[in-house]
Structure formats: structure tokens, C-alpha cells
Amino acid sequence: IKPVTTINNKIWPPNQPGTQFWYWRDINGNGIVDKNEVGNYDTIKTFNYGNNWAWWVGATGDIWIGSETTGIVKIPFTGFDSLGNPIYDVTKQTLWTQHLSKFSTVERLDYHQDIDTMFIAGFKPHSTPLSWGLAGDLVLGFSNWTTNPTLQYSIAIPQDTNNFPVSISVAEPYLFVGYVTPGFVFVYDINSGFQVCCTLEAPQQTWLDFRNDIQAYRRSNGNYIVLVEQDGDGGKVNIYEMLQ
């Protein structure tokens, strides 16, 4: 992007729309935000696009956005243009609200397209967040998410002054929950809801501080690879292997 516009002493791309929720696709490949290349994506007026921590990019490129209190929307990915830019159809978004009564606020998403199951983290009704930006104290899994959302999994996760859950990742049958400090990752069985271990501790693992700072994957041999942000030791990603 070549910034050329100054607004309130800040540099902004040229032709930026006057609204907050906009997108750009570089149709001609010149690296400049041209007027015919931008648009607004806040097309569902009952959905609050600006009040959320929950974003997820699905396996086939769809973008999922979870508002704290107004639902979950999907912006469908439709392919790539001739320059390799992803194309999204903002006019064909879908809104889900069936889960709202289970949470006071929704904070994280993890959608598994292969089994059409959405895992949602947030705070229980009447819960009080102990800090800002946390993942919540409850994770629910809804099967048949795109056709007939059905609650299948419920996992309560601890939140206290020593444990601030900040990130989740599901690699069946386990839920991995990352905590701000000292950077531990707790592991839960999604079927029983029980914690199976407190693992992934290392002397250099001291701090997690953003919403998607852990990712877990199940290998073909049954072991699990877990990527964990490490912000307290120079900024890096630690990679762990958890044996089956």
C-alpha cells in the first residue's frame, strides 16, 4: 500500500471509505487503493461488526466473525482473481444467533468444517470477566452448525486471579486452552469436559497475549503438535509435541 493521504496527522490509504468496516481488493495489482477496489462489508444491520474479539478463517477461506452479543456471521470465500487476491461475497453473509442465550459475551471461535462443528468460547451468563480480552470461562461445541446447530460439547474452563484464559484451539478429542501467564496450556477432553493435563510448560514459556496465540493439530500417528506464542522471551513461537 502506498499511503498518500493525511488525516489528523495520520497516514491513511488513498480512497479509504469514510466508514469503519471496509475491504480492499487490488484488482489491477498496482498496490494503490483505487476508488473502484473498495467496499463495505457491514451488510447485516442487526449485527455489530465492531464489538468482537472472535475471528476465524475456515479451512476453505470463509471468514467467521463472532460479535460479543449479536451473533456469528460468515463471509463466504468464492475463489481467487487472476492476480491471486482472495474474493469474498459480502452480499451473501449468513447470521447465526442460536447460541446467544448460553453466553453473556462471545469471545473466541474455532470452526471445524470437516465435521461441521463450531466451538465457541465466552463468558457464562452473569459471569464477570477478570480482565479485558480474555477467552471466557465456557466453551461450547455445536454440531451440524450450518444446517441445524445442536449443542454437543460443554467445557467449563477456570478463570481466577492466577489463571486468565486467552486462547483456545480444538484438535479432537481435546480442547487446548492457553493462559496469559505463566503461559501454560491446559488440555481438556471435549467429551467429558474434564481436564486431562496441565502441559506444555517450559522455563521459557512465560506469556501469552493475543486471541489466537495457540494452534493444535492432530498428526496421523495420533500425536499432537501445538504451536504456542511466547511473548516474554524475545517474541517467538514454541512448538510442542504431545504424545497420544
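The values are calculated or read from the model by the stated rules, or taken from the named source; none is laboratory data. On a predicted model such as this, the values are computed, not experimentally measured, just so you know. Cβ coordinates were reconstructed from backbone atoms using ideal geometry, including for glycine residues, and neighbour counts include every protein chain displayed. The area values use the complete protein model at the heavy-atom level, side chains included, leaving out ligands, DNA and RNA. Shrake-Rupley method; radii C 1.70, N 1.55, O 1.52, S 1.80 Å.
Selection of the stretch 109-138 for residues being in a strand (DSSP E or B) and either of a type in the set (S, T, N, Q) or farther than 21 Å from S192 by Cβ (or both) yields L109, Y111, T117, F123.
Among residues of the stretch 26-45 that are among the small types (G, A, S), those with a Cβ under 7 angstrom from a residue that is at pLDDT 95 or above and open to solvent by less than 40 Å² (accessible area, probe 1.4 Å), sequence gap 6+ or separate chain, pair up as G39/V90. Residue check: is L138 open to solvent by 70 Å² or more (accessible area, probe 1.4 Å) and either touching a residue at least 60 places away in the same chain (Cβ under 8 Å) or hydrophobic (A, V, I, L, M, F, W, C) (or both)? For L138, the condition - open to solvent by 70 Å² or more (accessible area, probe 1.4 Å) and either touching a residue at least 60 places away in the same chain (Cβ under 8 Å) or hydrophobic (A, V, I, L, M, F, W, C) (or both) - is not met. Filtered by the rule that a residue be surrounded by fewer than 21 Cβ atoms within 10 Å (Cβ to Cβ) and within 14 Å of the chain's Cα centre (by Cα), the stretch 121-135 gives a lone residue, G133.
Somewhere in the stretch 98-105, is a residue open to solvent by less than 40 Å² (accessible area, probe 1.4 Å), modelled with pLDDT of 95 or more, of a type in the set (F, W, Y) and in a loop (DSSP other than H, G, I, E, B)? Within the stretch 98-105 (the criterion being open to solvent by less than 40 Å² (accessible area, probe 1.4 Å), modelled with pLDDT of 95 or more, of a type in the set (F, W, Y) and in a loop (DSSP other than H, G, I, E, B)), the answer is yes, since at least one residue qualifies.
Residue-level check: of (1) in contact with a helix residue (DSSP H, G or I) (Cβ under 6 Å, 6 or more places away or on another chain); (2) at pLDDT below 95, G31 misses just (1).
Here L109 does not fit the description of being in contact with a helix residue (DSSP H, G or I) (Cβ under 8 Å, 6 or more places away or on another chain), closer than 30 Å to T94 by Cα and crowded, with 17+ Cβ neighbours inside 10 Å. Quick one: in the stretch 52-81, of everything that is under 14 Å from the mean Cα position of the chain (by Cα) and open to solvent by 50 Å² or more (accessible area, probe 1.4 Å), which residue is nearest to T105 (Cα to Cα)? Result: W53.
Here Y188, Y179, Y174 are screened, and the one residue that is touching a strand residue (DSSP E or B) at 6+ places or on another chain (Cβ under 6 Å), open to solvent by 20 Å² or more (accessible area, probe 1.4 Å) and of a type in the set (F, W, Y) is Y174. When the stretch 20-32 is filtered for residues that are closer than 13 Å to N85 by Cβ and of a type outside the set (F, W, Y), the ones remaining, listed by number, are R25, D26, I27, N28, G29, N30, G31. Quick one: how many residues across the stretch 211-242 are in a loop (DSSP other than H, G, I, E, B), in contact with a strand residue (DSSP E or B) (Cβ under 8 Å, 6 or more places away or on another chain) and loosely packed, with under 14 Cβ neighbours inside 10 Å? Residues in the stretch 211-242 being in a loop (DSSP other than H, G, I, E, B), in contact with a strand residue (DSSP E or B) (Cβ under 8 Å, 6 or more places away or on another chain) and loosely packed, with under 14 Cβ neighbours inside 10 Å: 2 in total.
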